[in-house]
Amino acid sequence: MKLIFAIINDDDYRGISDALIEREIQATRLSSTGSFLKAGNTTLLICIDDEKVDETIELIHAHCKRRKQLLPTTHTIGAFSTYPVEINVGGATVFVTDVERFEKF
């Protein structure tokens, strides 16, 4: 068994959630916050058989795409505001670890 930690943007949650349900892959959802943008994330905990790890990661990859977003800056130079900064949001950060013991009751 493996435990997949998938940290995704809140905007991507609905699509990946529907895909996991369709494939009968159970996940636990935790609300989390990123430190850089202070924006909402969702952390999924997915305990899965070894042979389904690649399929699950492919689903996450298919539904959690990176996209560009303009971030307003809070700095001013004299009387002028600085221009917004283009950043990448979305995508996923995924960790896979071994599970020594799994019980569900």
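The numbers here are math on the coordinates, done by the rules we state, and not lab data. Here the structure is a predicted model, which means the values were calculated and not measured.
The length gained on full extension between D50 and V99, counted as 0.36 nm times the residue separation minus their Cα-Cα distance, comes to 16.6 nm.
A straight Cα-to-Cα reach below 20 Å connects K65 with the aspartates and glutamates D10, D11, D12, D18, E22, D54, E55, E86, residues fewer than 8 places away in its own chain not being considered.
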